Amino acid sequence: MNDIIRWTAREVVDLLRRGEVSPLELVKTLEEHVADADAEVNALPIRFFDQARARAEALMRSCPDPADRGLLAGLPVAIKDYNDVAGQRTTFGSPIFADTVAETSDAMVRVLEENGAIAYAKSNVPEFAGGHTYNEVFGASRNPWHLGRSVGGSSGGAAACLAAGSAWLATGNDLGGSLRTPAGFNGIVGVRPTAGRVPRRTPAVPFDTLWVEGPMARNVADAALMLDAMVGHDAHDPLTRRERPASFLASLERYDAPARVAYSPDLGVLPVDQGVRRVTRDALAHFAAMGAEVVEAEPDFGGAYDAFQILRAHLIATMHASTLERHRELIKPDIVWNIEKGLTQTVADVQWAERARGALVHRVTDFFEDHDVLVVPSAPLPPFPVEWASPAQIDGTELTTYIDWIAITFCISLTGCPVVALPAGLDQEGLPIGVQLVGRPGSEARLLSYAARFEQGVGIAGRLPITPRSEGAVR
């Protein structure tokens, strides 16, 4: 059974549907693997295998025919520690909430469970938000490709547990790059869907479109399967829709290769490491091999950096101002700064940011009239030392805030476009470098199809999971 860890999620689900393996057997296999692999990686600090076994037994009793157990058929899934699982802690990586136990599962988790998922562990996160996964509750997660390096964030634990074989599928969410940066750092796949595809946890700001939930997996087809199992409607999330889209997994073979691919190493405005530029530019050969015309171009992202900083601060302050008022001494300085920025910036600032975002959305819409996909690095530098709080400079440019270094993802968040983040290759140390494939709103199916073709050329998906290493990966 230990070999099944290496199987894809789709292969394991097929076994489950045929009754050749049971959900209980998978929970046992994962428990044994996680005890070993996660000792160094620290991706899954909250584990509840007893509850997972009870859930597996209940699913098997209520649905004796394995084919009736939903899209995931009893597959165990790791849940990010920003989401609620009934009876388990949701800490947000914060000492303030370290002992807070959820009474009910949130909307996204409920949809997964309705589709046959079994939650068994919570993945590690930064405190409240951030691009590097460490906190005062559980410590830092470590990159399986090199245990001395960051996993990214905030879905860093989710990405690391996938790379190390401690999950077949894991949930992520994304505000400024929270599932795209970890996908790039860990050599896995993350999908930022169009807002409203996946229900969120009773959102405090229901009409916000910056924050979305999405799937994370070891390969594109598994991510498509998971997105199928996450799509749903929830009355508390007014952006969600009752009608279901066509299956994303079934759509992978529906589309031809892209005709015109745009590549931007830096969105025209941002610092990016030279090694990242080389790997991502070289990866464009995979699109050229499909017959695509590849051009270097991007929409005008002028003003996007400032607009996102303002709108993010406004959202963070809206959500966490009362927590700051009650528990300032327990919140890390970067988050205090971000909340206070939102509390002290002016109405005129927010109005300007909304206008700038609107203008960007229209420019991007026009751009996709002439281009099928925009390819951009998923991080501006390779995985950095795990001891850093955040990078201080990139390619000679000094950085100011703790989120400056993820601008290459957060500028794209402003556009409302879906994104598939996946590996593009390995750098000189054998560490994964990723790209974002960006498409027009609502184009997840087409993007996933493009990503699946690109993935075949890159070849990293076939190397996962990997055994955690104390040094860089062997090329």
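The values are calculated or read from the model by the stated rules, or taken from the named source; none is laboratory data. Everything quoted here is computed from the prediction, not taken from an experiment. Using ideal geometry, Cβ is built from the backbone for each residue, glycine included, and neighbour counts are taken over all protein chains shown. Please note that ligands, DNA and RNA were not included when accessible areas were found on the heavy atoms of the full protein model with its side chains. Shrake-Rupley method; radii C 1.70, N 1.55, O 1.52, S 1.80 Å.
Of note:
- Check on R463, basic (K, R) and either open to solvent by less than 10 Å² (accessible area, probe 1.4 Å) or touching a helix residue (DSSP H, G or I) at 6+ places or on another chain (Cβ under 8 Å) (or both): no
- Verdict on A67 being over 17 Å from N173 (Cβ atoms) and not in a loop (DSSP other than H, G, I, E, B): yes
Conditions (1) hydrophobic (A, V, I, L, M, F, W, C); (2) in a loop (DSSP other than H, G, I, E, B), marked per residue:
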| site | (1), (2) |
| --- | --- |
| E127 | no, yes |
| H132 | no, yes |
| C161 | yes, no |
| A170 | yes, no |
| N173 | no, no |
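- The lone criterion from (1) assigned to a helix (DSSP H, G or I); (2) of a type in the set (G, A, S); (3) open to solvent by 50 Å² or more (accessible area, probe 1.4 Å) left unmet by G291 is number (1).
- Counting the residues of segment 247-272 that are more than 22 Å from the chain's Cα centre (by Cα) and part of a loop (DSSP other than H, G, I, E, B) gives 9.
- Pair list, Cβ under 7 Å, 6 or more apart: segment 2-22 residue free of Cβ contacts under 8 Å to residues at least 12 places away in the same chain, other residue outside any helix (DSSP H, G or I): L15/V21
- Condition check for A359: under 26 Å from the mean Cα position of the chain (by Cα), modelled with pLDDT of 95 or more, open to solvent by less than 50 Å² (accessible area, probe 1.4 Å) and under 30 Å from Y263 (Cβ atoms): no
- Which listed residue, of S105, S141, is under 18 Å from I46 (Cα atoms), assigned to a loop (DSSP other than H, G, I, E, B) and in contact (Cβ under 8 Å) with a residue 60 or more places away in the chain: S141
- Given (1) open to solvent by less than 30 Å² (accessible area, probe 1.4 Å); (2) more than 30 Å from A262 (Cβ to Cβ); (3) modelled with pLDDT of 95 or more, number of the condition R328 does not satisfy: (1)
- Qualifying residue in segment 230-244 (condition: without any contact (Cβ under 8 Å) to a residue 12 or more places away in the chain, of a type outside the set (G, A, S), more than 21 Å from L75 (Cβ to Cβ) and part of a loop (DSSP other than H, G, I, E, B)): yes
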